[in-house]
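Written out below as structure tokens is the structure these notes cover.
Please treat every number below as a calculation from the coordinates, not as lab data. For clarity, every value in this text was computed on a predicted model and none was experimentally measured. Glycine also receives a Cβ, built like all others from the backbone with ideal geometry; neighbour counts cover every protein chain displayed.
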Amino acid sequence: MKKDNSDNLTPMMKQYQEIKSRNPEHILFYRLGDFYEMFFDDAKTASKVLNLTLTTRGKHLGIEIPLAGFPHHQINNYLPKMIRAGYRVAVCDQTENPKYAKGIVKRDITEIITAGTALSEEMIDKDSNNYIACIFTDEKKGWGFAAADISTGEFTACDPESLSALKEIIMMFNPSELLVSSSELQFGTDDKRTITRIEDYKFIQDTSADNLKKHFRIAGVSSLGFKESDMSVICAGVLLEYLSDNIKSGFNHLEKLKRYNDKNICAIDYRTRKNLEITEPVNSDG
């Protein structure tokens, strides 16, 4: 959605734009009365993905504003479809009783859901892990990998010895969401999982180490079996910060960061892996 002059918008639509500007990469489910509504480009996207009727509400700069929506009690039906289609969703709810509101009802983001942070049974397979992973590559320093499963509390990281080893580890964990730096080229696209780009400046050694020390309440990452110079520390720290920004309910059940033993990884090509049913059954019927 472009940041246009909002002088001709209603107070409600100005509020919508302000909240949307804080979550530009997410589809915004905006609670309005008994409905969640989407506007502008979000409405066009939601109408296609969720098979919703696309209509309009008011005008902006002389152009009708696209609108799509659904009853609020059906969110557990529509939200999983949006996530499975590869989109990130920010849920915006009313934070005060409309009866006592003075002017526009206060609203704010109450939940952010992505493929890797989903917890409900409608969005994840209870019989398999739902990993969210972070990678970082540096031609001089090497490669780093970290992964977490929010539903189980598993948190692991390692420093692959080569690019091929990193690719193998990604294949083994098969994360539903992969965090990469904004400048990452090799892993920037993937039709098997959601790719989330993180600003380059966040992939800093000291900052990531501080994130780990704060979360685990430790003096140094050495107590976890890592060195601050490890690339895996960068990945684990960036992953923690991303989870902190997106999971409003907290994730204190990530109680320990374990080093994943990647030394014995054997190179298995994709076709062989698929035939061995390592990541998914050949026959979906079992």
Share antiparallel - DSSP beta bridges, the chain, percent rounded to 5: 70 percent
log₁₀ of I(q)/I(0) at q = 0.12, 0.16, 0.17, 0.22 Å⁻¹ - segment 131-275, Debye sum with one point per alpha carbon: -0.45, -0.81, -0.92, -1.57
Stokes-Einstein diffusion coefficient for segment 73-123 at 37 °C in a medium of 0.692 mPa s, Rh from the Kirkwood formula over Cα pairs: what value in µm²/s? 266 µm²/s
Quick note on Tyr87, Tyr36, ordering by fewest other C-beta atoms within 10 Å, gives Tyr87, Tyr36
Dividing the Cα convex hull volume of the chain by residue count, how many Å³ per residue is that? 163 Å³
With Rg from the Cα atoms and Rh as the Kirkwood inverse mean 1/r over Cα pairs, segment 11-113 has an Rg/Rh of 0.94
Relative contact order of the chain, defined on C-alpha pairs under 8 angstrom at six or more residues apart (%): 14 percent
Can you sort Cys158, Cys134 by how many other beta carbons sit within 10 Å, fewest first? Cys158, Cys134
Find the percent of Cα-Cα distances in segment 98-207 that exceed 17 Å, and round it to a whole number. 61 percent
